[in-house]
Structures are given as C-alpha cells and as structure tokens.
Amino acid sequence: EKLRRSHVKNYYKVILKDALREERRLDLAHITISKDVHRTLPKVKELHTEDSIQKMHHILFAYSVRNPETIGYCQSMNLLCGVCLMHLEFDEEQAFWMLCSVVERHVGYYARSMCGLKRDQNVIADLVSYYEPQLSDHITNLGVQCDTFTVPWLLCLFVDQPIPLSQVIHFWDHLFLRGDELIFSAVLAILRIRKPQILACSQYEDLMQLFLRGMGKDLTAKMILESIDAQAKAWSGCGLMTRVERLRSYHEWQVVRGAELELDRGTISDLVKRYTTEKAEIRRLWKKFLSPSPWDILLSAGIGNLDWFVKAFPEEAYPDWHRRQWRGRGIESGALKRLFNTLDCNVSGQVNFEQYLFGVYVLKRGESKMRKQLAFEFCDLDADGAVSRADLRMSLVVIHRLYNGEDSLSEESEVDKFVEAMFEFALLTNKATHSRKLNPLRAMTPRVETKTAIAGRNNNSTRAQSGPGKLGGGARDATRNFLERKKFRSLKSRLSPKEFGRAVDQHPLIRLFFNLHDDAEVKKLRSDLIAEAKTPFAPPM
C-alpha cells in the first residue's frame, strides 16, 4: 500500500494501457508471458480460469513496461504473480503492487544481468561449506553444485519448491518482516532438516531427484522458522547478516570481474555487425561503460546518472583537444545532461550499453546524416518530432555556454538572430527561392553587379523619388523585405529533421559539438582552439 501511494493516481491503469498497445504484442516479453501464464502452478485450478489468466497477463504485461531496462520480464515472475493473486483474493491491481514489492526488494535476482542472483548463490555455497561441511562435501562429491538447486529457490522465493504452496504466504510474511537474512538462514535450515535424506543419497541422480522433487515433502514454514530460531542462538559475536554482507562484498567483486571479461556472445556478434567494428573494441567499450560504478551499472543495466555518464562517455566520443575547450567539463552548461537525455530514447532515466555504443559510434564514425539526426534530437526538447524556435534557442544557448562559459548573455541576441535566420532559410529552401535579398544566411556574401545594373537601379531610384508621396526604390525594397520576413515568421514555426539538417550546417558550434566538420576543418579548428583556448560565437557567413 505504501508503494502504491508513492505513485500517481491510476498509475496501474496508465501503464497497463501502454502495455496492451497493439504494437507491443510482438515484444519478446509479451510472447514469453503468454506462454508462461498457462504453466503457472498447474495444480491450482483457480489460476487457470479465463478471468485469472487474463489478470496474470495484465499484471505481468504491466510490470514489463514499468521497469523495461533493468528487468522487463523474467521467468519465475509468473509464479510470484500467481501467489500474489491468490493471497489477495484475485484483486488485480493489489496483486500488481504486491508483485512490485516482492521483485523490487530483490532486483538483482531478476535484473537482466542476474548479478544479484549470481552473488547470493555463491554466498550460499560458502555458508553451507562453512556451517555444514559434511553436507557440502557430500553434495560436491556427488557432482552437484549448490546453484543447481538454489537458483530456482531464490528466483521463486521458495514457491512450491522446497516450501509447499500452502505454506509460502506464511513464510513470505516473515521474509518481509526480517529481510534478506531469512533467505540465507532458510536455505541452511532446510538443508539441516533434510540432512539425513541428503546423506543417504549415493548417486547423482538420486540427489538431484531429492533436490528438485522431494525437499518439500511434509515440510512446513513452522519447522523452518523453528530451526532458524534455534540456530540464531548459536551464532557467536554477530548475526548471520553481518557474515552475509562480508561474503556479498567479495562476490560482488568477483561477479563484476567476470562481467568485465565476458559479454554475451550473441550480443557481441550482433553489435559487431551493426557497428562494423572488432570484438575487442566492443569488449573495451563494455569495460569503459561499467567503469564509473560497475556493480550499480550491472545491476540496473544502465548508466543511471550524469556523474557516471561524464566519466564514461565524453572521452570515448570526443578527442582530448576538443574536450579541453569545454567550460566546466561540459557539466555546468547542461550540454552533457542534454546529450544524456537524448541517448535515453526510452525515457527510462538511464543510458544502456547499446545506447552508449550508438552515441560513441555516431560521434566518432557515423555518417553526416546520422550526426545531423542526433543533433536534431538533441534540439527537439519536447520530443515531438520537430524543432520549435524555443527548442532551438535553448539548445544553442546551452552549446554556446559549453564553449564560451556563463558570461555569454550579451551574445544571446546573436542567438535569437540566428534562430530567425535558420527558420527563414528553411522556408526559402522549401520554396526553392534563392534570392540573396531575402536569404539572411547569405546576406553577408559579397555581391557582384555590372555597371549597367547599378546605373539602372540608380535611375529607378531617382525617378521614384521625383513624385510627391512616393517611396523610393530602396524604401520599397525594404518594406517588401520586412513584409516577406513577417510572413515567413508566421508561416514557419517548426523545423522538420530534413529542414533542420540543411540549416544546421550554418552554425559553427553545432557543427563542432556534433563533429560535422570535414578533416580540413577539424585541423584548422584544432589549431585555432588550442591557440585561442576559446571558440568565439559569430553569426553564420
């Protein structure tokens, strides 16, 4: 209930509506959920009515949308969902919030990396080895690893195996009350209770059959809790959780070290093809991606704040000579924060590895079209598919301050001029009108006229001025120009990606930030920046 109240009203209805959109039906999570709900606790008939199946679909679909980057959907969540529904008398929304509470207390078990599960199953193996050495040796000698039986126990939080379904809710009540310590002490207690049967097994097959099918026979939550309480009195010095935290700290380091060295083969192959690079480069960038806070990034499957992003992204995407010109490391201006939000295309509050890799690739090796598209999305502040005057102005101010610092208010009028110039240029380009007089982006270009043209223009001006109350030719041109510009401002209020791409080439700082320069320009810019230690803002030429 506390979790539900911390969210906006009708939160469940909103994300369920999003989850049930037609285009999501081909998502892998939806396909997997549709299969798993029909396999949920087959002996419980109440869960297999049409109404119950629909409720499970809704709850699991909604959760896959609630936390798509970190978790999405993980197999075994269907069992948790089934228990939540039964416990809450098939109240769909309440069951959803209970599922959120259960899963998010143990995010590492259901995260895409499953790093918390890997850590805790290694902790359990160490605890069994130390506190039940006879059992540990016997299990190991028969070729069974602890993770063979602890993985389903932890993922399903003991549902059905090894604790009978009728006893699970009673056990969960104590789990919510006591916290994670109960998970580890329960595993030790169950192994102690079944110690005679385990030691009686002399073959691998017999032991596996016991672990997978026989551990819950005549087992009750009361028996487990009594065993835990009896053992708690024997702990010397400090409680079990202190020991668990020490072991967790060690195994977190081990899991991270393994994750830095290994990336899923299928993922690597896909990324190598997509970005035409080497496997070694993908692995190097993966380590760089994890480097700011390896465990937290692995747990959440993404860079979750600007501090981590600043440490991992800029030095891979921009050369050192370029970054040295940024005022305040790019943080104070808001430019890197805006770039972070641009790469976070799922609006999840974090940048995952694929988004990170995409940003590095586009800025370092991407085609001009891709870089312009990234620049467009950077400037499209409200993500509505078009850049308004306000969007463009705010983005230009941010980029200008990145290179020139906070003391740039005097030049904001130049920003306003350029914004208007870009919009007029876009409209003129659309109309295929290339009049120098009405094209502000070319207004400063030298203009060559013949002597005859000059003499004719002067004669027209003289004749126009001879009659009383008549405007001269120059005044008429100025009036017509003013009216045309006013008309342009009313007609063009937003830039499409194509229009933005044509106009953005005229702004030197946008070209610089998004690496839109060719090699010759880069060499000149590099020497200029190093010499002046500043990129002066100037109207386009």
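The values are calculated or read from the model by the stated rules, or taken from the named source; none is laboratory data. This structure is a prediction, so every number in the text was calculated from the model and none was measured. Glycine gets a Cβ as well: all are built from the backbone with ideal geometry, and neighbour counts include every protein chain shown. For the accessible areas, the whole protein counts, side chains as well, though only heavy atoms, and no ligand, DNA or RNA atoms are used. Shrake-Rupley method; radii C 1.70, N 1.55, O 1.52, S 1.80 Å.
For Thr220, no residue has an amide H sitting under 5 Å from its own, ignoring neighbours fewer than 5 places away on the same chain, with H placed 1.01 Å from N.
Of the trypsin sites (Lys or Arg not before Pro) found in region 36-136, the ones in coil according to DSSP and having at most 11 other Cβ atoms within 10 Å of their Cβ are Lys43. Each residue of region 102-113 is assigned a 3J(HN,Hα), and the resulting list reads 5, 5, 7, 6, 9, 4, x, 6, 10, 4, 4, 7 Hz, derived from the Karplus form 6.51 cos²θ - 1.76 cosθ + 1.60 (θ = phi - 60°), x at Gly and Pro.
Charge tally around Leu219: other residues with Cβ under 14 Å, Lys/Arg +1 each, Asp/Glu -1 each, net +3. Within the accessible surface of region 61-133, defined with a 1.4 Å probe on protein heavy atoms only, the carbon and sulfur portion equals 45 percent.
Local charge for Leu142 was computed over the other residues whose Cβ lies under 12 Å away, with Lys and Arg +1 and Asp and Glu -1, and equals -3. The calculated Kirkwood hydrodynamic radius for region 9-58 is 12.0 Å, given to one decimal from all distinct C-alpha pairs. About the Cα centre, and with charges only on the beta carbon of Lys, Arg (+1) and Asp, Glu (-1), how big is the dipole of region 6-134? Nearest 20 debye, please. Value, rounded to 20: 240 debye.
Surface exposure of region 137-216, expressed per residue as accessible area with a 1.4 Å probe, stands at 41 Å². Spin-label model, Leu26 to Ser269: label points 7 Å out along the Cα-to-beta-carbon direction sit 2.2 nm apart. Among the trypsin sites (Lys or Arg not before Pro) in region 338-402, none is located in a DSSP loop while being surrounded by at most 16 other Cβ atoms within 10 Å of its own Cβ. The dipole here belongs to region 201-344: it is taken about the Cα centre, uses +1 on the Cβ of Lys and Arg and -1 on the Cβ of Asp and Glu, and is about 500 debye. For Lys13 and Lys35, the FRET efficiency from 1/(1 + (r/R0)^6), where r spans their Cβ atoms and R0 equals 22 Å, is about 0.30. In terms of accessible area, using a 1.4 Å probe and ignoring ligands and nucleic acids, Tyr109, Tyr131 rank largest first as Tyr131, Tyr109. Of Glu104, Glu499, Glu89, Glu245, the order by accessible heavy-atom surface (1.4 Å probe, DNA, RNA and ligands excluded), from most exposed downward, is Glu89, Glu245, Glu104, Glu499. Over region 57-168, the reciprocal of the mean inverse Cα-Cα separation, the Kirkwood hydrodynamic radius, stands at 15.3 Å. The alpha carbon radius of gyration of region 331-397, expressed as a multiple of 2.2 N^0.38 Å, is 1.09.
Residues within the reach of a label modelled at Leu142 (point 7 angstrom out along Cα to beta-carbon, backbone nitrogen below 20 Å), restricted to region 177-204, are 187-204.
What the phi angles of region 340-345 give under the Karplus curve with 6.51, -1.76 and 1.60, with θ = phi - 60°, is a coupling list of 4, 5, 5, 6, 6, 5 Hz, glycine and proline written as x.
The heavy atoms of Tyr361 present about 50 square angstrom of accessible area, all protein chains included, probe 1.4 Å.
Counting only protein heavy atoms and using a 1.4 Å probe, the accessible area of Asp384 comes to about 70 Å².
Rolling a 1.4 angstrom probe over region 166-295 with all protein chains present gives an accessible area of which 52% lies on carbon and sulfur atoms.
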